[in-house]
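This report refers to the structure that appears directly beneath it.
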Amino acid sequence: MEDSYADDHPYVAGTKNNLGLLLNQMGRPDLAEPLVKESLDFYQARLGSQHTHVGIAINNYATILLVLNKTKQAAEYYAKAIEIYRANLGETHIRVSFAKAQLAVCLYSLGKRDKGLKLWSEVQDNLQPHFEANKPDLPDILINGAIILRRDKQYRKALKLLNQISDLGGTQSVSFQIKYLMECIHCHLALNQDEQARREVKETRELLKNTEVTPYSKHEKLEELAARLD
């Protein structure tokens, strides 16, 4: 790739970003992080710090950091992305909602429960127009809300969001399907809905078995949950 294009060519930066996002979906955020960061640095140098494309690159990088459990850093980058999106796209744009939902997860994970729940509530208040337009980012927004509510032991509310994801239909990546099913298992176990949880454990095992690259922690966590059904 770089034999044909200079290192500072936009095609190279875009390809690094896309490859990084793909690696993250395949369970290799460690390999994704430097590629997405290089892409972000390129766009900031070329477009300035307040361009919408820079906001997208910042959001992508924050997502990798969150998967790597660098939660405090991820929160800082999500906050920057929100600021850029607001300035360029307006408060109700779905990119603002997406970044705010991710930031809400970070805040909750950092022990800032009230701030995380408040931010998620703000996201929910702006979601209806996006449902009407069936925006493709909706599943990612909803699953972040489900994660927060499940961690807050609001299991039925979390399941309601997960059911909304199912109702949206569409094709999701394998990594998203695994994430979705794991949240469902957590909630159904907490509500003593063991048969539903068993079906979801079986489905998740099949997905993990047929996925070439998956973090070992996913397998380990699934078996921890499955053991609660024995």
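What follows is calculated from the coordinates using simple rules that are stated; it is not laboratory data. Every value quoted in this text rests on a predicted model; they were computed, and no experiment measured them. Neighbour counts are summed over all protein chains in view; Cβ atoms, including those assigned to glycine, are modelled from backbone coordinates with ideal geometry.
Overview of values
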{"read-out": "Positive-end residue of Ala226, Ile94, Gln193, charge dipole of the chain with Cβ unit charges", "value": "Gln193"}
{"read-out": "Sequence-separation-based contact order of the chain, relative, with Cα cut under 8 Å and 6+ spacing, percent", "value": "13"}
{"read-out": "Dipole magnitude of the chain about its Cα centre (Cβ charges: Lys, Arg +1; Asp, Glu -1), debye to nearest 20", "value": "800"}
{"read-out": "Additional length obtainable on full extension of the chain from Gln44 to Gln128, 0.36 nm per residue less Cα span", "value": "27.0 nm"}
{"read-out": "Pairwise FRET efficiency - Asp114 versus Gln177, Cβ, R0 = 45 Å, nearest 0.05", "value": "0.90"}
{"read-out": "Additional length obtainable on full extension of the chain from Leu89 to Glu223, 0.36 nm per residue less Cα span", "value": "43.9 nm"}
{"read-out": "Two-site FRET efficiency, Arg205 against Ser121, from Cβ-Cβ distance with R₀ of 30 Å, rounded to 0.05", "value": "0.30"}
